[in-house]
Ligand code: P6P
């Protein structure tokens, strides 16, 4: 029987998850974890949009263990994410940018997924009303080091770290939520990249970006050029090439950089081009964290037909040794990223 489609039919993240489950692309447990992440994103969206009204701007007064000032919303968003993941009952271990060590979740009844996340990336932009975002990655628990039935706390911690430190190529899901002019979740479960925009009228994430493919070549580069003098010669040569009109038929690239990875990456994903946070003389491995920034974004980029690399190797191939390990990141359209790799290898045009 032909199904009568109704003009009132909407396709929500929940519907999409059910379809992906029917296709065998996710199991019910992973779908539950993703739904709990979407709930966290709805709550954080409301908090971010009302930050100025509900006195949630400004500093919390604390520092995270990396010595970075914590914004009030960093702390609150971290708790929102952790609570939603706990109450999903499908999470075994969580690791957050805001937590020094991974946390074993007692309330895990099945699934026991490993979730790594940056609950509010770019939060230094909050007080100025500039886009911020949440980033996450989901792994299956490691079979070699099960986390249940371990009494010794040190052994337990060791197992949690081993479960969390998995290479990006083993990700089962990665995604981000952009809190900007709209609140949009973009995610992959290994079968393309899909985007859902929050409709405040019904409180649901509605499908708005189907099977996103990043343009093969772009016209935008996104770097903090304030660090130019700290960069090595190869990177400087790349930067000069990108800005040389003669090298691009008289049309040089445009520079766009808002200092918020989720906003800069979302624009790169949709418009093409390259985002980069290189290593430099002060920080040889750059600033971004492999586990909950570089790897999840690289999984999305590669699923959308682009690339994510440290300049020397694909981010997804790196086996993390530390939970908060930093890596240089160059990510975006294949053309721009491969050209960057060409310069980083010491070659020139
Ligand atoms: P800089 C935000 O703190 C962040 O982690 C990313 O969101 C952003 O791309 C980068 O750091 C901005 O760093 O040094 O350019 O201010």
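How many residues does segment 332-348 contain that are in a loop (DSSP other than H, G, I, E, B) and within 19 Å of residue 257 (Cα to Cα)?
Residues flagged as in a loop (DSSP other than H, G, I, E, B) and within 19 Å of residue 257 (Cα to Cα) within segment 332-348 amount to 1.
Being touching a strand residue (DSSP E or B) at 6+ places or on another chain (Cβ under 6 Å) and either within 16 Å of the ligand (Cβ to nearest atom) or closer than 25 Å to residue 213 by Cα (or both) is true for just one of 168, 195. Which residue is that?
Values: 168 fails: touching a strand residue (DSSP E or B) at 6+ places or on another chain (Cβ under 6 Å).
On inspection, the qualifying residue turns out to be 195.
List pairs: first residue in segment 116-137 and under 21 Å from residue 162 (Cα atoms) and at pLDDT 95 or above, second residue part of a loop (DSSP other than H, G, I, E, B) and within 11 Å of the ligand (Cβ to nearest atom) anywhere in the structure, Cβ distance under 7 angstrom, at least six positions apart or on different chains.
118/97
Can you list the strands (runs of 3 or more DSSP E) lying wholly within segment 209-319 that have 2 or more residues being within 15 Å of the ligand (Cβ to nearest atom)?
Values: elements: 220-222, 274-277, 307-309.
Output list reads 220-222, 274-277.
Let's see how each residue does on (1) more than 26 Å from residue 147 (Cβ to Cβ); (2) surrounded by fewer than 23 Cβ atoms within 10 Å (Cβ to Cβ):
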{"residue": "27", "(1), (2)": "no, yes"}
{"residue": "53", "(1), (2)": "yes, yes"}
{"residue": "71", "(1), (2)": "yes, no"}
{"residue": "74", "(1), (2)": "yes, no"}
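Right, residue 85: farther than 14 Å from residue 133 by Cβ and at pLDDT 90 or above or not?
Numbers: farther than 14 Å from residue 133 by Cβ: yes; at pLDDT 90 or above: yes.
Yes.
So for segment 227-249 (the condition being within 27 Å of residue 177 (Cβ to Cβ), modelled with pLDDT of 95 or more and touching a helix residue (DSSP H, G or I) at 6+ places or on another chain (Cβ under 9 Å)), does at least one residue qualify? Can you show your working first?
Step one: of segment 227-249, the residues within 27 Å of residue 177 (Cβ to Cβ) are none.
The answer is no, given that none of the residues of segment 227-249 is within 27 Å of residue 177 (Cβ to Cβ), modelled with pLDDT of 95 or more and touching a helix residue (DSSP H, G or I) at 6+ places or on another chain (Cβ under 9 Å).
Contact list please: Cβ distance under 7 Å, first residue in segment 209-231 and closer than 16 Å to residue 257 by Cβ, second residue assigned to a strand (DSSP E or B) and more than 16 Å from the ligand (Cβ to nearest atom), pairs at least six apart or on different chains.
Note: pairs meeting the criteria are 219/254; 220/254.
For residue 278, which of the numbered conditions (1) in contact with a strand residue (DSSP E or B) (Cβ under 7 Å, 6 or more places away or on another chain); (2) under 23 Å from residue 176 (Cβ atoms); (3) without any contact (Cβ under 8 Å) to a residue 60 or more places away in the chain; (4) surrounded by 13 or more Cβ atoms within 10 Å (Cβ to Cβ) fails to hold?
Only one criterion is unmet by residue 278, namely (1).
With surrounded by fewer than 24 Cβ atoms within 10 Å (Cβ to Cβ) and within 16 Å of the ligand (Cβ to nearest atom) as the only criterion, which of 175, 129, 89 stands out? Working first, answer last.
Details: 175 fails: surrounded by fewer than 24 Cβ atoms within 10 Å (Cβ to Cβ); 89 fails: within 16 Å of the ligand (Cβ to nearest atom).
Answer to the check: 129.
Name the residue that is farthest from the chain's Cα centre (by Cα), counting only residues in segment 132-146 that are away from the ligand (no atom under 16 Å from the Cβ) and in a strand (DSSP E or B). Show your work before the answer.
Going residue by residue through segment 132-146, those that are away from the ligand (no atom under 16 Å from the Cβ) are 138-146.
With the extra rule that they be in a strand (DSSP E or B), the set shrinks to 138-139.
Values: 138: 11, 139: 14 Å.
Among residues in segment 132-146 that are away from the ligand (no atom under 16 Å from the Cβ) and in a strand (DSSP E or B), the one farthest from the chain's Cα centre (by Cα) is 139.
The values are calculated or read from the model by the stated rules, or taken from the named source; none is laboratory data. Only a predicted model underlies this, so the values are computations on that prediction, with no experimental measurement involved. Positions of Cβ are generated from backbone atoms using ideal geometry, with glycine treated the same way; all protein chains shown enter the neighbour counts.
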